[in-house]
Structures are given as C-alpha cells and as structure tokens.
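Structure, as structure tokens:
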C-alpha cells in the first residue's frame, strides 16, 4: 500500500518559526512545504472558490509527482441548496491541477448537523455525479453515519470514506480505520475536547503523543491488504503541530 502523508493546508502565519523560517514570505511557503511532503489538502476552496489562475500559480510551485486533494466548497456540503452553479465554478478552478495530473481527489466534509439518512446518501451520490471524474471522499462529523448501510452505499457508488481522529465526545466518530474504495483516507483533527464546540481555531490546538500515533500506525498497517493507497492528513494546524505530527508519523511508518 502506497502511503502519502501531508497536512490540511500549508499557508499559516503561526507556522513561521516552528516550521517555516521566521521571515518567509507568504508566497514562498508552498516552495518550502514541497521539500518536506509529497501531498497537501487545499482547504481554502471550502471558504471561497478561487480563480483558475490562482490554482495554476499554486500548481506551478510544485514538482512533478506532487499531489493535491481539494476541499469541496461549503455551498455543497453545508448549504446544500441549488449547488449546480457553485459546482460549475469549482470545476473551473480545478482545471489547472487536473491538466497537470496532480489532482488526485476531492474532499467533502459534511457538518455535524448533517445527520444520517437515505436522502443524505443520495445527496452525496448526486455530488459525486456532478464532480466526476474526480474521486470523492466524504467526511462525516456525526457518528450516526457509521453503519453498514452507509458503508455498502459508498462502496457500491465508488465514494471514498474519510476516517477521522477527533475528541471522543458524544455524537462524534470513533477512531476507526476502514475504507470504501481502494484508496483509504485519514484525517487527524486532534483531541482538544475542551475547545471542540466553541473554541474556534483552537479546536485544532493539539499535539499527538508518540503513543497516540503508534495506535494509528497499527490501524494503518492493517489496511495494507485492503487498500492500494492511503492518504493521511494532519489538521491539528495550530502552531505547526500538524507538521510535527506528520513528520512523526512518517518516521513511525518509515516513509
């Protein structure tokens, strides 16, 4: 199983002095990032769909073989009404990365308020149809989604499942690792339960211990005969902790 590890985003001012040089310019961050990681999640597209020229500029900063996963806009995952125009604009912005061959999938992160239902499953499949041919990975925040019907539906429709690590609070998902396609996907958000519901960006202020990462190593290795490829992204981005933990996991997995 091929394993690619990176972080959820890369353009953070509070990474200066912890990962990036203190005096680095914003426009040079990706140039530095690609020296350490082979893949990145682009999360800014969730908040605002950029012009294709912006994406072309990002793509040009990365070497051959670098990979991108792009986050689907919130209009699709959170508002979920009359999404066709937003999808058309989103698809347009993807073209530079699509043409380069570096776009490897799209992440649709649904909110806690999006509860399990048959209509919800059908909506996710509608999104997949609109976003073809790009692989789509669905991340859920409410644990009602984790059931056999969800697994079978995603698998039969070739929709990827994103496993997560997050605080073990009521209603959130447990740290279980499985996949519904031949590409497994894992996002680690940290376990800051105190700040999860009302801490804003501090929700992601967490540094994984060696023991916690070793637990995930064991789960990851058990996927070797079930998936051909696996993406692992650290989203505990506060103060560059995602970078530290991503490097820790790369060392644990001898990557």
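The values are calculated or read from the model by the stated rules, or taken from the named source; none is laboratory data. Computed from a prediction, not measured in an experiment: that's the story for all the values here. Glycine gets a Cβ as well: all are built from the backbone with ideal geometry, and neighbour counts include every protein chain shown.
Residues of segment 105-122 that are surrounded by fewer than 18 Cβ atoms within 10 Å (Cβ to Cβ) and in contact (Cβ under 8 Å) with a residue 40 or more places away in the chain: 112 alone. Take the conditions (1) touching a helix residue (DSSP H, G or I) at 6+ places or on another chain (Cβ under 9 Å); (2) not in a strand (DSSP E or B); residue 129 misses just one of them, which is (1).
Put simply, of 199, 144, 160 the only residue that is at pLDDT below 95 and on the phi < 0 side of the Ramachandran plot is 199.
Checked against the criterion of being under 18 Å from the mean Cα position of the chain (by Cα) and at pLDDT 95 or above, the candidates 102, 60 yield just one match: 102.
Considering only segment 225-241, state which residues are more than 25 Å from residue 22 (Cβ to Cβ) and out of contact with any strand residue (DSSP E or B) (no Cβ under 9 Å at 6 or more places or on another chain). Across segment 225-241, the qualifying residue is only 225.
Per-residue answers, yes or no, for (1) touching a helix residue (DSSP H, G or I) at 6+ places or on another chain (Cβ under 9 Å); (2) surrounded by fewer than 19 Cβ atoms within 10 Å (Cβ to Cβ); (3) in contact (Cβ under 8 Å) with a residue 12 or more places away in the chain; (4) farther than 20 Å from residue 33 by Cα:
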{"position": "159", "(1), (2), (3), (4)": "yes, no, yes, yes"}
{"position": "165", "(1), (2), (3), (4)": "yes, no, yes, yes"}
{"position": "173", "(1), (2), (3), (4)": "yes, no, yes, yes"}
{"position": "187", "(1), (2), (3), (4)": "no, no, yes, no"}
{"position": "199", "(1), (2), (3), (4)": "no, yes, no, yes"}
{"position": "203", "(1), (2), (3), (4)": "yes, no, yes, yes"}
{"position": "211", "(1), (2), (3), (4)": "no, yes, no, yes"}
{"position": "227", "(1), (2), (3), (4)": "no, no, yes, yes"}
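To keep it simple, each residue is scored yes or no on (1) within 30 Å of residue 124 (Cβ to Cβ); (2) surrounded by fewer than 18 Cβ atoms within 10 Å (Cβ to Cβ).
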site: 5; (1), (2): yes, no
site: 20; (1), (2): no, no
site: 29; (1), (2): no, no
site: 40; (1), (2): yes, no
site: 43; (1), (2): yes, no
site: 48; (1), (2): yes, yes
site: 55; (1), (2): yes, no
site: 66; (1), (2): yes, no
site: 76; (1), (2): yes, no
